[in-house]
Protein chains: 2
Amino acid sequence: MIENTFYSPAVQGEFKTFELGDLVLASGETLRSAKLAYRTFGTLNAEKSNAILVTTWFSGTGKVMQDVYVGTAHALDPERYFVVIVDQLGSGVSSSPQNTPPPQSMAKFPTLGIGDDVAAQHRLVTELFGIERLALVVGGSMGGQQVYEWAVAHPAMVERAAPIAATARISLHQRVFVETLREAITSDPHWNKGWYGTNLAVRDGMDRMARIMAAHAWSSEFYQDERWRSILGMSSLDDFVNGVMKAYFEPMDPNVLLCEMHKWQRADVSRHAGGDLATALGRITAKTMVMPISHDGFFPPHECEADAGLIPGARLRVINPTEGHMGLSGFEPRYMEQVDKYLAELLAA
Amino acid sequence: MIENTFYSPAVQGEFKTFELGDLVLASGETLRSAKLAYRTFGTLNAEKSNAILVTTWFSGTGKVMQDVYVGTAHALDPERYFVVIVDQLGSGVSSSPQNTPPPQSMAKFPTLGIGDDVAAQHRLVTELFGIERLALVVGGSMGGQQVYEWAVAHPAMVERAAPIAATARISLHQRVFVETLREAITSDPHWNKGWYGTNLAVRDGMDRMARIMAAHAWSSEFYQDERWRSILGMSSLDDFVNGVMKAYFEPMDPNVLLCEMHKWQRADVSRHAGGDLATALGRITAKTMVMPISHDGFFPPHECEADAGLIPGARLRVINPTEGHMGLSGFEPRYMEQVDKYLAELLAA
């Protein structure tokens, strides 16, 4: 275990912990004394019909979802809905390589899949809150991968689904890309196969990963317009790479990111139907709104559109932040305006 | 110096060498006994009006330009034109880190710019062949960067210009991307600041670079359609990454690629006009055909189109190989059909 205050309530804001006990994973392994971090907003109504589950993305925690997506000014309005934000497993906040005691600590933390996340979240929702049907499951990027998993694995429980900037099956393009992120970290000798003394020892590899993210997660338009000045307050390209990208990842735990990458790289709901994506997505009964980001180099709109075409009655709404994938974090005011508009449309359906 | 047979005529095909003597570089440094590798096809006419200069891209040499772009079936037809293919400096074939003797060998090879390439090529064209005006300068990617440099630095000498999949000034997006390639190599301890015993010692770093290239130089459509099966004969994603991308770069010299990256990352014709791109491109008198590749993640069509808008009378022709930037290598038959059609149109103008 490593004491990393970045994942503490002091940095992440207040959250609660749901004790899962021993969680048997899809791999067959067991995660001992597993914990799921969550935070709730609003009140569950008597019919338990107003619950919204919000999932988290790669490197993100419940905090960014709370800060950017949830509030009375948003579609995810706690005055109307009972909003549950849940941190994915391996996020640093829920059970993760750095906060799990031996013999499952750090490099010995078990390998996880998106299916394990949804299995754990299913227990949180049903056992803790007694919710039998979710009014909406929504999340972006890896969070969107969890939305797809929910909609296919538990169709009767998901009334509405909103995968933002995500696909139902990871593309081969992204599998290669995520591997470049993984190699940036694991090639650092100080990573030491996962047995480092502090996350900062792996700073070189983390910095290389941050730059690869910089090159791919932001659009060419973002760079062309030097939007780090207007939306991020940075003065130059180097200032942006160092002051935003490297600084963002620096406090994080390398094994946490590697754990998430493993899941990201393998997300694929078609495994519920023997590899047949059309059959898997055809099982979705949720009212689904597929919401790609217009300039997204990870989950390009044409791939999201292909998913939408396989989901009965799905609507496609393309969000237009010119930043690309990182637009998810809501830097551009127009981004949340569009998200709220489309989610409100979905919630009214 | 390193004996690397990859850069020998046995692998690269026959080429000639033009002795530049001591080449004073834009940096102020001097490259001693500099050499430019070139190969010619066809015959220079009496008026010396039928000369076409073909430049090379990152990691490429004259061989791929000869094999893919030049021939009686192509617009670059040796029966009509005197075609000169010239290897860029630092390419491994022209003067380069691995083939230059001490004291300028390997890590001590001078830093170059695209302007140095064009200065050296200018001497080849004028001193060796006595050509005062080139009917066409054409090249792709870094080759296209050289085309822009020619058209801006020597407007009176360039009758026609065809930059393929290139921009006149490197985008900030690509500057970040190229840095991830550089870091993949330089983070390999066996690179040893440029002082390795053999290129194969740096295999880990080169392999990481190859994968980053794989993730960015091919389009999402290429991956989605698994086009490595149809156009490259590979059986799977791993087979493609290992058998095409890693295998392609493995025989190359790491310092050669780093030398080229340095130039690639800094290409910018606006320096001829104090940083004013519009003024620099406004000086072009060549009939220019700007030819982006439709799915190019390096030089996206909208950036090429912006350049075209600044060049007097420029035509824009978008080539459509769904592979993305790597389409340049002509894997898709329809690619060269389009290139030939547009170059023929330009040559007839």
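The values are calculated or read from the model by the stated rules, or taken from the named source; none is laboratory data. In this text the structure is predicted, and so the values were computed from the model without any measurement. Glycine gets a Cβ as well: all are built from the backbone with ideal geometry, and neighbour counts include every protein chain shown.
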- Any idea which residue in region B:252-278 is nearest to B:Trp191 (Cα to Cα), counting only those that are out of contact with any strand residue (DSSP E or B) (no Cβ under 9 Å at 6 or more places or on another chain), part of a loop (DSSP other than H, G, I, E, B) and of a type outside the set (Asp, Glu)? B:Met252
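Which residue out of B:Met213, B:Met142, B:Met157 is without any contact (Cβ under 8 Å) to a residue 40 or more places away in the chain, within 20 Å of B:Tyr38 (Cα to Cα) and not β-branched (Val, Ile, Thr)?
On the way: B:Met213 fails: within 20 Å of B:Tyr38 (Cα to Cα); B:Met142 fails: without any contact (Cβ under 8 Å) to a residue 40 or more places away in the chain.
When all the criteria are applied, what remains is B:Met157.
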- Task: State all residues of region A:36-53 that are over 17 Å from A:Thr126 (Cβ atoms) and crowded, with 16+ Cβ neighbours inside 10 Å; if no residue qualifies, say none.
- Result: A:Ala37, A:Arg39, A:Phe41, A:Gly42
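Quick grid of which residues meet (1) crowded, with 18+ Cβ neighbours inside 10 Å; (2) touching an Asp or Glu at 6+ places or on another chain (Cβ under 8 Å); (3) not in a loop (DSSP other than H, G, I, E, B):
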residue: A:Asp67; (1), (2), (3): no, no, yes
residue: A:Pro78; (1), (2), (3): no, no, no
residue: A:Gly90; (1), (2), (3): yes, yes, no
residue: A:Ser94; (1), (2), (3): yes, yes, no
- Message: Given the criteria more than 9 Å from every other protein chain (Cβ to nearest Cβ), buried (at least 23 other Cβ atoms within 10 Å of the Cβ), polar (S, T, N, Q) and in a helix (DSSP H, G or I), does A:Asn242 qualify?
- Response: no
- Message: Among the residues of region A:86-94, are any at pLDDT 95 or above and within 17 Å of A:Leu136 (Cβ to Cβ)?
- Response: yes
- Note on the structure: Residue pairs qualifying under the 6 Å Cβ cut-off, at least six apart or on distinct chains, with the first in region A:24-38 being without any contact (Cβ under 8 Å) to a residue 12 or more places away in the chain and the second being part of a strand (DSSP E or B), are A:Val24/A:Thr30
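Could you tell me which residue of region A:221-239 is nearest to the other protein chains (Cβ to nearest Cβ), considering only residues that are in contact with a helix residue (DSSP H, G or I) (Cβ under 6 Å, 6 or more places away or on another chain) and among the aliphatic types (A, V, I, L, M)?
Initial filter on region A:221-239 (in contact with a helix residue (DSSP H, G or I) (Cβ under 6 Å, 6 or more places away or on another chain)): A:223, A:228, A:232, A:234, A:237.
If we keep only those that are among the aliphatic types (A, V, I, L, M) too, we end up with A:232, A:234, A:237.
Working: A:Leu232: 14, A:Met234: 12, A:Leu237: 5 Å.
By that ranking, first place goes to A:Leu237.
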- Message: With the requirement that a residue be facing chain A (nearest Cβ under 10 Å), over 25 Å from B:Asp207 (Cβ atoms) and among the basic types (Lys, Arg), what does region B:159-179 give you?
- Response: none
- Query: So which residues in region B:1-24 are surrounded by fewer than 19 Cβ atoms within 10 Å (Cβ to Cβ) and touching a strand residue (DSSP E or B) at 6+ places or on another chain (Cβ under 9 Å), if there are any at all?
  - Reply: B:Gly13, B:Glu14, B:Lys16, B:Thr17, B:Glu19, B:Gly21, B:Asp22, B:Val24
- Where residues in region A:195-239 are under 26 Å from the mean Cα position of the chain (by Cα) and of a type in the set (Asp, Glu), which of them is surrounded by the most Cβ atoms within 10 Å (Cβ to Cβ)? A:Asp207
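Can you pull out the residues in region A:191-227 that are hydroxyl-bearing (Ser, Thr, Tyr) and in a helix (DSSP H, G or I)? Before you say what the answer is, go through the steps one by one.
As a first pass, look at region A:191-227 and keep what is hydroxyl-bearing (Ser, Thr, Tyr): A:196, A:198, A:219-220, A:223.
A:Ser220, A:Tyr223, listed by residue number.
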- Would you confirm whether any residue within region A:330-341 is closer than 21 Å to A:Asp67 by Cβ, modelled with pLDDT of 95 or more, more than 20 Å from the chain's Cα centre (by Cα) and among the basic types (Lys, Arg)? yes
- Task: Considering each residue of region B:313-345, count those that are in contact with a Leu (Cβ under 9 Å, 6 or more places away or on another chain), in contact (Cβ under 8 Å) with a residue 24 or more places away in the chain, surrounded by fewer than 23 Cβ atoms within 10 Å (Cβ to Cβ) and not basic (Lys, Arg), and give that number.
- Result: 3
- Task: Kindly indicate whether A:Ser187 is farther than 30 Å from B:Glu303 by Cβ and within 12 Å of chain B (Cβ to nearest Cβ).
- Result: yes
- Query: Quick one: is B:Leu310 more than 22 Å from B:Ala135 (Cβ to Cβ) and surrounded by fewer than 23 Cβ atoms within 10 Å (Cβ to Cβ)?
  - Reply: yes
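Restricting to region B:253-263, count the residues that are surrounded by fewer than 23 Cβ atoms within 10 Å (Cβ to Cβ) and hydrophobic (A, V, I, L, M, F, W, C).
Within region B:253-263, residues that are surrounded by fewer than 23 Cβ atoms within 10 Å (Cβ to Cβ) and hydrophobic (A, V, I, L, M, F, W, C) number 2.
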- Message: What's the total number of residues in region B:142-173 that are more than 14 Å from the chain's Cα centre (by Cα) and either buried (at least 22 other Cβ atoms within 10 Å of the Cβ) or of a type in the set (Asp, Glu) (or both)?
- Response: 6
- Out of all the residues in region B:19-31, is one or more modelled with pLDDT under 95, out of contact with any helix residue (DSSP H, G or I) (no Cβ under 6 Å at 6 or more places or on another chain) and not polar (S, T, N, Q)? no
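Within region A:164-174, is even one residue part of a helix (DSSP H, G or I), without any contact (Cβ under 8 Å) to a residue 12 or more places away in the chain and not β-branched (Val, Ile, Thr)? Walk me through it before giving the result.
Of the residues in region A:164-174, the ones part of a helix (DSSP H, G or I) are A:172-174.
With the extra rule that they be without any contact (Cβ under 8 Å) to a residue 12 or more places away in the chain, the set shrinks to A:172-173.
In the following step, the residues that additionally are not β-branched (Val, Ile, Thr) were identified as A:172-173.
Scanning region A:164-174, I find at least one residue that is part of a helix (DSSP H, G or I), without any contact (Cβ under 8 Å) to a residue 12 or more places away in the chain and not β-branched (Val, Ile, Thr), so the answer is yes.
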- Being at the interface with another protein chain (Cβ under 9 Å from one of its Cβ atoms) and touching a helix residue (DSSP H, G or I) at 6+ places or on another chain (Cβ under 8 Å) narrows A:Arg211, A:Arg182 down to just A:Arg211
